[in-house]
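Reading through the structure tokens given below for one structure.
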Amino acid sequence: MVRRLWEMGAGELARLVREREVSSREVVQAHLERIGEVNASVNAVTVVLAEEALAAADAADRALRSGATAGPLCGVPMTIKENIDVAGSATTLGIAALRDAAAPADAPHIAELRAAGAIPIARTNMPEFGMRWHTDNALRGATLNPWSADHTPGGSSGGDAAAVATGMAPLGMGNDGAGSLRWPAQCCGVAALKPSLGRVAQGGAPGQPAPFAFQLLGVHGPIARRVGDLRLAFENMCGRSGGDPWYAPVSVEQPPVAMPIRVAVVLDPDGSGVDPHVADAVRRAAGLLADAGYLVEEHQPPDLVRGGEIFTQIMSNHGRVHEVQPPVEGIASEGFVRFWAAYHPSWTEAAGKPAFDPMMERAMIARAWSAWMDRTPLILAPICARPAFQVGADLDPDWLSGWPAALRMSVVVNLLGLPSVAVPTGHAGGLPQAVQIIGPRFREDLCLTAATTIERHTPPTTPTDPARLTT
């Protein structure tokens with residue numbers, strides 16, 4: 001069966017363009033047509049950059065005809081979340097008041113991806129402020145999970161996850177401050193990479209850096225249908241500092257580690273309980289790694305509960321700009337206001353005992369994890385202890401009371417600045433399932449290699465047809 005262009009991955013498309021088997025225009029046009037066919041079913045894409053994308057594709061084709069060397073991502077379309085700067089396009093953060101806030105320049109990693117040949121084709125949906133694990137806002141409306149309209153596509157990079165899952169682009173550019181790449185990947189059945197802190201420049205508008213919590217906890221990263229495409233995107237998005245003081249110019253190539261590599265399997269983080277389907281996904285991934293020669297052992301991570309508390313304290317105290325931001329009720333949707341009112345008691349409780357110095361405690365926890373990972377470099381764990389929730393569940397205070405514990409493994413990864421790859425493991429209960437592979441700081445290579453091992457034995461199920469949405 002002949003595969004259509006929109007079904008192919010980024011690496012395959014780049015090879016076809018490089019070898020002149022297809023043109024960049026053909027690739028972009030195929031994805032624009034796919035957006036036109038399926039986006040109405042999921043509302044993942046918010047703004048289509050058709051004119052700009054076709055112009056970029058034509059320029060790439062002219063350059064190739066003149067003998068220029070094709071970039072590693074030449075002709076590859078990508079979607080970009082609405083809280084990332086794209087020159088001439090609004091960086092809305094999902095806020096209606098920012099619908100016309102056009103960025104004067106690309107974020108550093110977007111500029112780098114363009115230089116490698118990638119082509120922005122569309123902007124994607126997100127919850128307001130990126131502060132909800134379901135994608136909905138007053139400006140763009142809700143994004144639907146392409147597997148089940150009754151379930152969340154995740155957030156906050158839910159638009160990119162749904163777009164990639166349905167073939168609207170082979171790559172999506174999102175970010176992750178509390179699981180916001182990995183959780184949508186689990187919900188929509190795609191792969192995602194949360195890089196180490198400092199790997200990808202944060203950028204930001206001149207004179208308007210992000211609040212400290214987002215500088216420390218949040219990172220930009222790619223979403224794709226295959227792990228190899230995550231690697232390809234990553235290799236071409238972490239070479240510019242953009243003035244980011246956290247940026248670390250570390251080589252993508254790192255020295256090998258002693259074989260066989262040990263993997264710590266965290267089946268039930270902190271013993272709070274895990275959904276059976278989620279646990280089965282971790283067990284299956286552990287078996288695949290063991291079969292491939294990894295040394296797999298069950299462990300519990302050190303200081304996990306306190307790590308979750310410190311994350312919450314830093315995000316609470318340094319994640320909002322109270323002095324310049326108007327009250328949330330005046331700029332956010334009724335849904336977001338209801339969510340935050342319902343979640344606030346659980347969020348407050350999740351902060352635990354106030355630390356005298358949260359960064360000092362963070363350093364102590366980081367040292368404990370570093371010592372643990374010196375012996376066991378990789379960690380296999382749930383992304384979230386729960387599968388994709390039903391739409392509206394996150395407006396229920398009782399349901400939300402267990403959410404901080406369910407997501408604790410992911411947010412501690414953000415706290416410590418570690419890399420993590422989300423990789424699908426199949427389906428259960430009609431929904432995709434996925435796990436995460438966590439590694440030492442700047443060892444994305446180890447995570448990606450292990451995730452490829454899991455992927456190799458997991459039949460691909462995306463791109464999917466959202467016309468078959470179940471309700």
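Data table
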item: Calculated diffusion of the stretch 166-230, Stokes-Einstein form, Kirkwood radius summed over Cα pairs, 4 °C and 1.567 mPa s, µm²/s; result: 103
item: Counting DSSP beta bridges with both ends in the chain, the antiparallel % (nearest 5); result: 60
item: Proximal charge balance of ILE110 [Cβ under 12 Å; K/R count +1, D/E count -1]; result: +1
item: Cut-off under 5 Å, modelled amide H: who pairs with HIS151 long-range; result: ASN145, VAL391
item: Where trypsin sites (Lys or Arg not before Pro) fall in DSSP loop in the stretch 1-97, at most 16 other Cβ within 10 Å; result: ARG3, ARG4, ARG20
item: FRET E, pair ALA63, ALA105, Förster distance 22 Å, beta-carbon r, rounded to 0.05; result: 0.50
item: All Cα pairs of the stretch 42-178, percent lying beyond 24 Å; result: 29
item: Cα shape, the stretch 396-463, gyration tensor, a/c 1.5 rule; result: oblate
item: Accessible surface, the chain, averaged per residue in Å² (probe 1.4 Å); result: 38
item: Tail beyond 26 Å, pair distance distribution of the stretch 322-471 (Cα, percent); result: 46
item: Cα gyration tensor shape for the stretch 327-394, rounded if a/c is under 1.5, else prolate or oblate; result: oblate
item: Computed accessible area, VAL337, all protein chains, 1.4 angstrom probe, square angstrom; result: 40
item: Cα gyration tensor shape for the stretch 239-341, rounded if a/c is under 1.5, else prolate or oblate; result: oblate
item: Interchain or long-range residues, amide H under 5 Å from ALA434's placed H; result: THR425
item: Three semi-axes of the equivalent ellipsoid, the chain, Cα gyration tensor, whole Å, largest first; result: 31, 26, 22
item: Karplus (6.51, -1.76, 1.60) ³J(HN,Hα), θ = phi - 60°, over the stretch 176-186, in Hz, Gly and Pro reported as x; result: 8, x, 7, x, 6, 9, 6, 5, x, 4, 4
item: Neighbourhood net charge (12 Å Cβ-Cβ; Lys/Arg +1, Asp/Glu -1) for LEU288; result: +1
item: Of LEU469, GLY352, CYS447, farthest towards positive along the dipole that unit charges on Lys, Arg, Asp, Glu beta carbons give the stretch 327-471; result: CYS447
item: Amide proton proximity set for VAL263, modelled H, under 5 Å, gap of 5+; result: LEU295, VAL296, GLU297
item: Computed [θ] at 222 nm, deg cm²/dmol, the chain (DSSP H ≥ 4; -39,500 (n - 2.57); rounded to nearest 500); result: -11500 deg cm²/dmol
item: Whole-Hz ³J(HN,Hα) from phi, Karplus 6.51 cos²θ - 1.76 cosθ + 1.60, for the stretch 434-441, glycine and proline x; result: 8, 10, 10, 10, 10, x, x, 4
item: At R0 = 30 Å, FRET efficiency that the Cβ-Cβ distance of SER316 and ASP291 yields, to 0.05; result: 0.10
item: Centre separation in Å (Cα based) which lies between the stretch 98-171 and the stretch 233-251; result: 22
item: Estimated dipole of the stretch 23-151 in Debye, rounded to 20 [Cβ of Lys and Arg +1, of Asp and Glu -1, Cα centre]; result: 120
item: Karplus 3J(HN,Hα) series, Hz, for the stretch 162-174 with 6.51 cos²θ - 1.76 cosθ + 1.60 (x for Gly, Pro); result: 5, 5, 5, 4, 9, x, 6, 6, x, 9, x, 10, x
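The values are calculated or read from the model by the stated rules, or taken from the named source; none is laboratory data. What you see is a predicted model; the values in this text were computed from it and never measured. Note: ideal-geometry Cβ built from the backbone for every residue, glycine included; neighbour counts use all protein chains shown. All accessible areas refer to the heavy atoms of the entire protein, side chains included, with ligands and DNA or RNA removed. Shrake-Rupley method; radii C 1.70, N 1.55, O 1.52, S 1.80 Å.
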